[in-house]
1. Any idea how many residues of region C:112-121 are surrounded by fewer than 16 Cβ atoms within 10 Å (Cβ to Cβ) and either within 19 Å of B:G64 (Cα to Cα) or touching a Leu at 6+ places or on another chain (Cβ under 8 Å) (or both)?
2. Filter region A:51-76 down to the residues that are farther than 19 Å from D:G37 by Cα, surrounded by 20 or more Cβ atoms within 10 Å (Cβ to Cβ) and of a type outside the set (G, A, S) and list them by number.
3. Could you count how many residues in region A:112-151 are over 13 Å from the mean Cα position of the chain (by Cα) and among the acidic types (D, E)?
4. Would region D:9-19 turn up any residue that is within 30 Å of C:S67 (Cα to Cα) and either of a type in the set (A, V, I, L, M, F, W, C) or in a loop (DSSP other than H, G, I, E, B) (or both)?
5. What do you reckon, is B:Q144 touching a residue at least 40 places away in the same chain (Cβ under 8 Å) and loosely packed, with under 15 Cβ neighbours inside 10 Å?
6. Could you list, ordered by first residue, the pairs with Cβ atoms under 6 Å in which the first is in region D:45-66 and without any contact (Cβ under 8 Å) to a residue 24 or more places away in the chain and under 18 Å from D:Q11 (Cβ atoms) and the second is surrounded by 17 or more Cβ atoms within 10 Å (Cβ to Cβ) and hydroxyl-bearing (S, T, Y), at least 6 apart or interchain?
7. Condition test on A:D85, is it among the acidic types (D, E) and within 9 Å of another protein chain (Cβ to nearest Cβ)?
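The values are calculated or read from the model by the stated rules, or taken from the named source; none is laboratory data. Computed from a predicted model, the values in this text were never measured in an experiment. Cβ atoms come from the backbone with ideal geometry, glycine included; neighbour counts cover every protein chain shown.
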Number of protein chains: 4
Amino acid sequence: MTKLPIDAHAQPQSGYFRQGRFYFPVRVYYEDTDFSGAVYHANYLRFMERGRTEFLRACSLHQGQLSRAEDETAISFVVRAMSIDFHKPAHMDDALLVETFMAELGGASLDLEQIIWRNDEILVKAQVRIAAVRSGRPVRVPPQIRLKLTK
Amino acid sequence: MTKLPIDAHAQPQSGYFRQGRFYFPVRVYYEDTDFSGAVYHANYLRFMERGRTEFLRACSLHQGQLSRAEDETAISFVVRAMSIDFHKPAHMDDALLVETFMAELGGASLDLEQIIWRNDEILVKAQVRIAAVRSGRPVRVPPQIRLKLTK
Amino acid sequence: MTKLPIDAHAQPQSGYFRQGRFYFPVRVYYEDTDFSGAVYHANYLRFMERGRTEFLRACSLHQGQLSRAEDETAISFVVRAMSIDFHKPAHMDDALLVETFMAELGGASLDLEQIIWRNDEILVKAQVRIAAVRSGRPVRVPPQIRLKLTK
Amino acid sequence: MTKLPIDAHAQPQSGYFRQGRFYFPVRVYYEDTDFSGAVYHANYLRFMERGRTEFLRACSLHQGQLSRAEDETAISFVVRAMSIDFHKPAHMDDALLVETFMAELGGASLDLEQIIWRNDEILVKAQVRIAAVRSGRPVRVPPQIRLKLTK
């Protein structure tokens, strides 16, 4: 019978704060590259979304849970706008670091800045506007969530 | 023995120009959606890249070929910057239309505008800066290619 | 003001039956390839899923609708098992054809066979077992749906 | 000026061996799910490919490097065949574990078995046949690489 060895359990990597900014490491795999040899441009957005998800999780905000909540915290965060500069390409096996920090917390939206690093090189920079929505409609960020985002 | 019926051959859809702008239809599949029920934000960039690829193909520019060319047309087009507004979400089975047109053709780059439509609704709007590169370095768009882009 | 030219509307491609089998054309884009230069193996599964979705649509079964239905047709089709042979690689710009046909329609599942062609070459072959589920539990394929699958 | 804090550097997660099998943790993100609420079936193949890449890396085999090698180790590993059972679905935020082990090392191919776990539940099981290729043609696994795979 197939069983998982008792000491094989391990958690996927989470990120960490340094000087008020959040960092999340990402490895480049086959799936991320395209035939040019570099990472496919839209896949940097997947890396940045992982960084935002882990940033929110580090603020005790679990998006899967929020989407199933039955009180006023039942919101989703959706991307409203992005402005992205692709400075240098990443390649297979590269170890990247996704930096995320809040530039502004508005009434119904968050402005985040994100940088993808490879060692000390900046590969990609983005401004991301995130809106809070419930049943597809924009709503104010509830105070319980606002508190978690700012502590 | 498995054989393809002689009349089963058909080409994938290409797009078409109307009033100087290029249109390419896209269907939303399972793979494009996420657990929110809508299309995952980075996947709109895949739709827009398909639109750009078909726009270039309609200008007789085949990117697979260009990347293997052995003369000065051996260039790749890479995305340098994007500014994207996500207005409304698309959903499973939606029939979308990707509009692409050139806003400016610079010496070494193209500025494109792209709109994703569902019937008469605008779902996503983007400005995309594309650079010509060879062996990873920016180069001027060769005259043969410039001609195809402007005729 | 941005408006869509009245004659710019067009539908995304659907497929067609020939000799009892369903064919759906697919183009290979940047997003589908990896740094090996060929299509990333998991992306052939996306092509096959598009083929299945269009096969079902050609049988008047729209999966987005089924998932929102309020009667006994409220089912989802989920992939239970796949057996896949990757014979030859596809590359950027290739025009492919996804063949789909039903090998067996069981009480609660469908066995499909799928082949990805490039002209007369077989690139990928797969057997796919699809189960009908409601709220995550296996259910029998309702008679209305069975009828559409077999007519 | 933007600089990375000196102590912000961190490596992406690698995996580990337990009782001769290799384990690699994976987190489910937005990008992995589809509108059914569960992980899109083809995305489990991406998770398994990450597991194989880290398994090879743990054997000191870096696929990006191998593809650029100039001696007889210049090979790529390509997926020839897969047989996959999808037992239970994974969902947003789930912490998964990808188990990988070699069932057989042939002259020109490797047979791997892979299991995706969520705690003690088996979600997906697969047999994967990997072939060694050079310039698209099957080749024998070179002895230096064979040694690394079996030590």
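1. Qualifying residue count, region C:112-121: 2.
2. Scanning region A:51-76 gives A:R52, A:E54, A:F55, A:L56.
3. Initially, region A:112-151 is screened for residues over 13 Å from the mean Cα position of the chain (by Cα), giving A:117-125, A:131-151.
Filter once more, so that each one left must be among the acidic types (D, E): A:120-121.
Adding up the residues that qualify gives 2.
4. Going residue by residue through region D:9-19, those that are within 30 Å of C:S67 (Cα to Cα) are none.
No, region D:9-19 contains no residue that is within 30 Å of C:S67 (Cα to Cα) and either of a type in the set (A, V, I, L, M, F, W, C) or in a loop (DSSP other than H, G, I, E, B) (or both).
5. Numbers: touching a residue at least 40 places away in the same chain (Cβ under 8 Å): yes; loosely packed, with under 15 Cβ neighbours inside 10 Å: yes.
Yes.
6. Filtered contacts from region D:45-66: D:T53/A:Y29.
7. Working: among the acidic types (D, E): yes; within 9 Å of another protein chain (Cβ to nearest Cβ): yes.
Criteria met by A:D85.
Yes/no per residue for (1) within 30 Å of C:H41 (Cα to Cα); (2) at pLDDT below 95; (3) crowded, with 23+ Cβ neighbours inside 10 Å; (4) of a type in the set (A, V, I, L, M, F, W, C):
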| site | (1), (2), (3), (4) |
| --- | --- |
| A:A8 | yes, yes, no, yes |
| A:G20 | no, yes, no, no |
| A:F24 | yes, no, yes, yes |
| A:V28 | yes, no, yes, yes |
| A:S36 | yes, yes, no, no |
| A:H41 | yes, no, yes, no |
| A:Y44 | yes, no, yes, no |
